[in-house]
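Here the structure is laid out as structure tokens; the discussion comes afterwards.
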Amino acid sequence: MQGSNQEIIIQGTPGSPGIAFAPVHVAARGFESPEVYEISADKIAAEKERFQQALDQTKTQIDELRNHIEKIAGNGEGQIFEAHLMVLEDSTLLSKVSNAITERQHNAEYAFYAVMQTYLEAMRRINDSYLKERAIDIEDVCQRVLKNFKQDAEHQDHLRPDHHHIIVSYDLTPSDTASIDRNHVLGFATEQGSVNSHTVILARSLGIPAIVGLETGVIDIKALSESILDGYTGKLILNPSAETTAHYKQRAKHKEQANKNLQSLREEKTMTLDGREITLSANMEFTYELPMIFDSGAKGIGLFRTEFYLLEGGEMPNEHEQEQVYSEVIQAVQPHETIIRTLDAGGDKIVSEPLSQPEPNPFLGWRGIRVSLTRKSIFKEQLRAILRSSIHGKVGILFPMISGLREVLEAKEIVKRCMDELSAQNIPFDPDIQIGVMIEVPSAAIMAHEIAREVDFFSIGTNDLVQYTVAVDRVNPYVAHLYKPTHPAVMRLIDTTVRAAKDHGIWTGVCGEMASDLNITPLLVGLGIDELSVGAHKLPSVKKAIRSLSLSSCTEMAQEALKAKTTVEIAELTTAMAKTSYADLLD
Ligand code: PEP
Ligand code: MG
């Protein structure tokens, strides 16, 4: 799509707020993208020659491999490499690479990568198992060719991804996002994804501006183009004009100043105008977020998503290692409470162990407490580690993906067993440790009265509660427009949960992304929520919003919302109150 340096605006969905200025680094899926740089016109012939050499070397290697396999396995087993060789001799593909080098003046490895990605993407999108298998073969050859490019001294000096850049990619997994080098990556934009995916939640936690669901395929975006990423409106602007750049610099400055102003509220209470105090705590995925959480003025950690810590490193930390990390967090957070959620593996997050075949519906599959209750030794290690660390401060254990009473009772029984074991070993722990459950499956909300008798608190996971109530996959961009947090059914489930909690004298928090949506704050306050747990960067503005509201008006509005029949009516009621109370905070 890009031939000239004309300004191009690509619309996507805002994922994580912030404005970033940097060249784009384009990365498609499947395998790691090579470095990318522009070559001068007089280097085109030499670049094509480098490509030819990489191809020749790959062919030689594959030939050798074929002969070797034939020798040891016989029976024509070496034939499997025929398909690999055919790719390297496909004249259509090769001439496309050659044209890309001439026309885009990209280095050869990047031109090859971009052409092959388009080709692979087309294969992956066809629902045919044979083609999908072949795509894996082709990926393998591509990787080999990329490794065979010779680097000379001249090629070392070009702009590399180790400079500031914005990642533009087909998709990013939560693990990709977790390992982003924040010194170099100033933002990212993806073709896939949606605002409630863990990838985007992580971006918000880490303060990385992001856009998802780009309307243009990433493969059509010219790498290294100068760009501006506007995470507030979801615009990726390529080759911005001087005027556009000046406008966005001004906007970024304005936002920075507004954020600084909010810092002055750090020591203030989170209290409505008519005196209702709400606990405002922070969500956390990694311990390195602690300083940011501390600066935000959070009154505790309302959700420690331990799956990132437990599963991202390759090997699960043992009980002692976990105890050290939990203790560090609890000590940093006390006198406030740290709520540690037990492993929530599965869904769009990393699985806890390789499965013999992929799950057809991971969000309805082996996830959260279901994994813990079938892998009891792993569960017990985590529980014992949490219990041991509970001597350092106030701690809550939170169970994810609870769908009914039986799971709560079973999980509590295992906690009890862990306590007995520790007592027998004379290892101290807090016997009054709080136990809570996530309300994120409609069946749990409906059974809230029965569950409330068994626990100390509820934490409503609205990201999943919305997904499971309206049957809209939270990470699927094709149905993202149907993902409606203000759906009347969601409101009623939240109301049922809060009422059940109040009847049994326990508190209710919200730790899903709804808790940081300023348009919805009046509704949550009005429904009687006691605690909100939000990303640290969002905390100061949620505090200011609550301080601008009155509980009595919010309650009246929430009662009206509970009678409303449509999503739009509810959204209008709460947004109108947000606008009259704190228009300056709304993006
Ligand atoms: C939720 O579902 O709202 C939640 C907080 O849990 P997670 O986003 O980790 O699934
Ligand atoms: Mg959840």
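The values are calculated or read from the model by the stated rules, or taken from the named source; none is laboratory data. Here the structure is a predicted model, which means the values were calculated and not measured. Cβ: placed from backbone, ideal geometry, glycine included. Neighbour counts: every protein chain shown. Side chains are part of the model used for accessible areas, which takes the heavy atoms of the whole protein and leaves out ligands, DNA and RNA. Shrake-Rupley method; radii C 1.70, N 1.55, O 1.52, S 1.80 Å.
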Q | Among beta bridges that DSSP assigns inside the chain, antiparallel share in %, nearest 5 | A | 30 percent
Q) Sorted by mean Cβ packing within 10 Å, highest first, what order do the peptides 525-532, 440-447, 252-259, 81-88 take? A) 525-532, 440-447, 81-88, 252-259
**Q.** DSSP beta bridges in the range 267-585 [antiparallel fraction, %, rounded to 5]
**A.** 5 percent
Q. Which whole-number percent gives the relative contact order of the chain, counting Cα pairs below 8 Å spaced six or more residues apart?
A. 15 percent
Q. Under a 5 Å amide H to amide H cut-off, with H placed in plane at 1.01 Å, what residues pair with Gly187 once short-range neighbours are removed?
A. Ile167
Q: Can you spot the lysines whose alpha carbon is less than 16 Å from Lys249's alpha carbon? Ignore those fewer than 8 places along the same chain.
A: Lys235
Q | With all protein chains modelled, accessible area of Thr575 [1.4 Å, Å²] | A | 30 Å²
Q) If R0 is 25 Å, what FRET efficiency do you get for Gln57 and Ala83 from their C-beta distance, rounded to 0.05? A) 0.85
Q. Using a 1.4 Å probe, what is the accessible area per residue for the chain, in Å²?
A. 43 Å²
Q. Of the accessible area of the chain, with the probe set at 1.4 angstrom, what percent is carbon plus sulfur?
A. 52 percent
Q. With each pseudo-label sitting 7 Å past Cα toward Cβ, what's the Phe286-Asn127 distance in nm, one decimal?
A. 3.7 nm
**Q.** P(r), alpha carbons of the range 267-585 - 20 Å bins starting at zero, rounded %
**A.** 33, 59, 8
(Q) Number of Lys pairs in the range 41-149 with C-alpha atoms less than 25 angstrom apart, excluding same-chain neighbours closer than eight positions? (A) 13
Q) Which trypsin sites (Lys or Arg not before Pro) from the range 526-585 combine a DSSP loop assignment with at most 12 other Cβ atoms within 10 Å? A) Lys565
(Q) Sort Arg276, Arg375, Arg367 by heavy-atom solvent-accessible area, probe 1.4 angstrom, most to least. (A) Arg375, Arg276, Arg367
Q: For Asp432, tell me the accessible area in Å² from a 1.4 Å probe, rounded to the nearest 10.
A: 120 Å²
Q.
From the protein chains alone at 1.4 Å, what is the descending order of accessible area for Asp464, Asp420, Asp63, largest first?
A. Asp420, Asp63, Asp464
Q. Once both axes come from the Cα atoms, what is the angle between helix 44-73 and the longest principal axis of the chain, in degrees from 0 to 90, rounded to 10?
A. 80 degrees
Q: With everything on Cα atoms, drop me the angle between helix 567-582 and the longest principal axis of the chain, reported from 0 to 90° to the nearest 10.
A: 80 degrees
Q.
Please list log₁₀ I(q)/I(0) at q = 0.14, 0.20 Å⁻¹ for the range 33-123, using the Debye equation with identical point scatterers on the alpha-carbon positions.
A. -0.57, -0.94
Q: Starting from one equal scatterer on each C-alpha and no solvent at all, send me the Debye-based log10 I(q)/I(0) for the range 262-310 at q = 0.17, 0.25, 0.28 Å⁻¹, two decimals.
A: -0.57, -0.94, -1.06
Q | Spherically averaged projected area of the range 202-294 from its Cα convex hull (nm²) | A | 9.1 nm²
(Q) Give me the one-decimal nm value for the distance between modelled label points at Lys150 and Ser40, 7 Å along each residue's Cα-to-Cβ direction. (A) 2.1 nm
**Q.** Cα-Cα pairs of the range 349-446 separated by more than 19 Å (percent)
**A.** 47 percent
Q. Just in the range 307-341: which GluC sites (Glu not before Pro) are loop by DSSP and have at most 16 other Cβ atoms within 10 Å?
A. Glu312, Glu315
Q. Per-residue ellipticity at 222 nm for the chain, helices alone: DSSP H runs ≥ 4 residues times -39500 (n - 2.57), over residue total, nearest 500 deg cm²/dmol?
A. -14500 deg cm²/dmol
Q: Could you rank the peptides 165-172, 422-429 by their average count of other C-beta atoms within 10 Å per residue, with the highest value first?
A: 165-172, 422-429
(Q) Set the bar at 27 Å for Cα to Cα. Now go through Lys412/Lys563; Lys150/Lys222; Lys269/Lys565; Lys376/Lys502; Lys253/Lys544; Lys538/Lys579 and name every pair that lies beyond it. (A) Lys412/Lys563; Lys269/Lys565; Lys376/Lys502
Q) Each residue of the range 558-564 in turn: what ³J(HN,Hα) in whole Hz from Karplus with 6.51, -1.76, 1.60 and θ = phi - 60°, glycine and Pro shown as x? A) 5, 5, 5, 4, 5, 8, 5
Q | Translational diffusion of the chain, µm² s⁻¹ [Kirkwood Rh, Cα pairs; Stokes-Einstein; 37 °C; 0.692 mPa s] | A | 125 µm²/s
